[in-house]
Amino acid sequence: MQRETMIARLESHGDAPWDMVIVGGGATGLGVAIDSASRGYKTLLLERHDFAKGTSSRSTKLVHGGVRYLQQGNVSLVMEALKERGILRQNAPHLVHDLPFVVPNYDWWEAPFYGIGMRVYDMLAGKYGFGPSKNLSRDETVERLPTIETEGLRGGVVYHDGQFDDARLAINMATTAVEQGAVLLNYVNVLRLEKTDDIVSGLVAVDEETGTEYTVQAKVVINATGPFSDAVRQMENPEAKPMIRPSQGVHIVLPKAFLPGNTAIMVPHTDDGRVLFAIPWHDHVVVGTTDTPIEEATEEPRALAEEITFLMTHAARYLTKDPTPEDVRSVFVGIRPLVAGGDEENTAALSRDHSLTISKGGLVTITGGKWTTYRHMAEDTVDQAAILAGLEERATVTRTLNIHGYHKHAEEFGSLAIYGTDARKIEAIVREDVTWAAKIHPALPTIGAEVVWAAREEMARSVEDVLARRTRSLLLHARASVEAAPAVAKILALVLGRDQAWEAAQVEAYETLATGYLLE
């Protein structure tokens, strides 16, 4: 997956219309690209920044049915998500794994109430279940969660859900789409939509790296830009009524010592009615998430002081050691593209179901949903888009299509396990130059060879691409990632053929970006 190759394929396509052109390179857009290309449709995807730059790299890192939706009575959404959770683990076992969760019980009624609820969750999962739930004694709960607050603790309920690395899955999905024949490009910004007889027939986009403009013909254009969907809809119709009600979810990252072991905590009802998680992830702990309505989506959303206070307060309530601001390694914020369906005051009540709309001008917009259900969203989208474009009807193959890197026992690759079958190729890069075996920073797991791989094979174009998404350095330890930026810039400059001025500019830009992930 190399950008120069993708540009050459775009240019060689000429004026012929693409079967499907997708705007947006997050989870949904990448899923649509895989589904479309694997059916044999000529597929182009354009992303104005980097793949998974937005919400798709800032999730709670869970592939789950949604216990909260079960509480709300949305059984159909839970069943769909549980099925998709199982399919995703089958298709990407190197990135998706089982994670046990414990719901700690402090009141007499919680054990029977949540015990029954989790058994319903198991029943809905059926053959796609990750493991049976069961009630735990007080001692069993403490054994699984040695740092749980024990005052008043009666016991717990353990259940199973899925965990993944969101940005790594997105990059592997991009590679999968390319392997299926799609053309994917990051840093290509759509400037406007083109119409023929009032019907969307293509678009004009600019390569942000070179300034080259491209006019692209399309049988159908698919808007998969998540929280920014309304902006694309208004390119086609400036009068289009906004359909997105954005909400932001904030997470804090703590050292592993706050939650040792491999079991997560799920608090089903916090002060604001949200579900709260404390999750072991890459030898750190992710605590989240909030649900705060915001006026508009931004590229780099920032946590509000009250959101940080909320997370710190609840972490202290359930953990024996109370986290301080100095303990927080990183703060990251994702924006949910919730679809407004009425006059709901609370975004927690808005639909998490996906919404597929087709405008009068033929623009297909897919939004809402969540990471877990991306494949099903993509299938629905391609089904409808193919009819709209007058394409030959072909069934999806993604239910059993392995995601790039597929390996059932990737743990044998040690620290490179998340790369699956690509791990051996990264080891080969180390053999090219032994200096690339060194870590980019003592506090980060990443080695130089991963930076080389990201630039050569995963279309990383900047220090941010490498530290935020190809590796998870920014989210795991923002300050350490800033200190590692010069070393990363140096390697990237070597691989991409950039000069020292580019290196310096990259480091400065990254330092500015990472400031927003630090809890000052």
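The values are calculated or read from the model by the stated rules, or taken from the named source; none is laboratory data. If you're wondering where the values come from, they're calculated on a predicted model, not measured in any experiment. Positions of Cβ are backbone-derived with ideal geometry, glycine not excepted, and every protein chain shown enters the neighbour counts.
Please verify whether the stretch 278-291 includes one or more residues that are part of a loop (DSSP other than H, G, I, E, B), of a type in the set (Asp, Glu), closer than 30 Å to residue 107 by Cα and touching a residue at least 40 places away in the same chain (Cβ under 8 Å).
Yes, because at least one residue in the stretch 278-291 is part of a loop (DSSP other than H, G, I, E, B), of a type in the set (Asp, Glu), closer than 30 Å to residue 107 by Cα and touching a residue at least 40 places away in the same chain (Cβ under 8 Å).
Residue 143 fails exactly one of the following numbered conditions: (1) over 22 Å from residue 286 (Cα atoms); (2) among the acidic types (Asp, Glu); (3) surrounded by fewer than 18 Cβ atoms within 10 Å (Cβ to Cβ). What is the number of that condition?
(1)
Looking only at the stretch 146-174, which residues are among the basic types (Lys, Arg) and surrounded by fewer than 20 Cβ atoms within 10 Å (Cβ to Cβ)?
Answer for the stretch 146-174, where residues must be among the basic types (Lys, Arg) and surrounded by fewer than 20 Cβ atoms within 10 Å (Cβ to Cβ): just 154.
Can you tell me which residue among 168, 89 is in a helix (DSSP H, G or I), at pLDDT 95 or above, touching a strand residue (DSSP E or B) at 6+ places or on another chain (Cβ under 8 Å) and under 19 Å from residue 279 (Cα atoms)?
After ruling out the rest, the residue left standing is 89.
Looking at 466, 488, 451, which one is among the β-branched types (Val, Ile, Thr), in a helix (DSSP H, G or I) and more than 24 Å from residue 421 (Cβ to Cβ)?
From the options 466, 488, 451, the qualifying one is 488.
Of all the residues that make up the stretch 98-116, how many are closer than 19 Å to residue 162 by Cβ and surrounded by 18 or more Cβ atoms within 10 Å (Cβ to Cβ)?
4
Going by the conditions given, is residue 35 acidic (Asp, Glu), in a loop (DSSP other than H, G, I, E, B) and either in the same structural domain as residue 220 (by TED's automatic domain parsing) or more than 21 Å from the chain's Cα centre (by Cα) (or both)?
Taking the combined requirement at face value, the residue does not satisfy it.
Looking only at residues that are surrounded by fewer than 22 Cβ atoms within 10 Å (Cβ to Cβ) and in contact (Cβ under 8 Å) with a residue 24 or more places away in the chain in the stretch 430-441, which one is nearest to the chain's Cα centre (by Cα)?
Only one residue tops the list, namely 441.
Scanning the stretch 62-83 for residues that are surrounded by 24 or more Cβ atoms within 10 Å (Cβ to Cβ) and not hydrophobic (A, V, I, L, M, F, W, C), which turns out modelled with the lowest pLDDT?
Among them, the one singled out is 65.
Assess whether residue 461 counts as being buried (at least 22 other Cβ atoms within 10 Å of the Cβ), closer than 18 Å to residue 57 by Cα, outside the structural domain of residue 281 (by TED's automatic domain parsing) and in contact (Cβ under 8 Å) with a residue 40 or more places away in the chain.
For residue 461, the condition - buried (at least 22 other Cβ atoms within 10 Å of the Cβ), closer than 18 Å to residue 57 by Cα, outside the structural domain of residue 281 (by TED's automatic domain parsing) and in contact (Cβ under 8 Å) with a residue 40 or more places away in the chain - is not met.
Is there a residue in the stretch 233-245 that is of a type in the set (S, T, N, Q) and not assigned by TED's automatic domain parsing to the domain that holds residue 335?
Checking the stretch 233-245: at least one residue is of a type in the set (S, T, N, Q) and not assigned by TED's automatic domain parsing to the domain that holds residue 335.
Give the stretch 194-208 a look and list any residue that's free of Cβ contacts under 8 Å to residues at least 60 places away in the same chain, in contact with a strand residue (DSSP E or B) (Cβ under 9 Å, 6 or more places away or on another chain) and more than 19 Å from residue 47 (Cα to Cα), or say none.
Scanning the stretch 194-208 gives a single hit, 196.
I'd like to check something: does the stretch 384-407 contain any residue that is touching an Asp or Glu at 6+ places or on another chain (Cβ under 7 Å), in a helix (DSSP H, G or I) and either modelled with pLDDT under 95 or of a type in the set (Gly, Ala, Ser) (or both)?
yes
Please go through the stretch 297-321 and pick out each residue that is in a loop (DSSP other than H, G, I, E, B) and either of a type in the set (Ser, Thr, Tyr) or in contact with a strand residue (DSSP E or B) (Cβ under 7 Å, 6 or more places away or on another chain) (or both).
Listed by number, the residues that qualify are 297, 298, 301, 302, 303, 304, 320.
Please go through the stretch 416-444 and give me each residue that is in contact with a His (Cβ under 6 Å, 6 or more places away or on another chain) and assigned to a helix (DSSP H, G or I), ordered by number.
420, 421 - these are the residues of the stretch 416-444 that are in contact with a His (Cβ under 6 Å, 6 or more places away or on another chain) and assigned to a helix (DSSP H, G or I).
List the pairs whose first member sits in the stretch 5-24 and is assigned by TED's automatic domain parsing to the domain that holds residue 179, whose second member is aromatic (Phe, Trp, Tyr), and whose Cβ atoms are under 7 Å apart, counting only residues at least 6 apart or on separate chains?
Final answer for the pair search is 10/214; 19/41; 20/41.
Among the listed residues 488, 452, identify the single one that is under 16 Å from residue 436 (Cβ atoms), surrounded by 19 or more Cβ atoms within 10 Å (Cβ to Cβ) and touching a Leu at 6+ places or on another chain (Cβ under 7 Å).
488
I'd like the full set of residues that are within 16 Å of residue 35 (Cβ to Cβ) and either modelled with pLDDT under 95 or in the same structural domain as residue 336 (by TED's automatic domain parsing) (or both), limited to the stretch 346-370.
Residues satisfying the conditions are 354, 356, 369.
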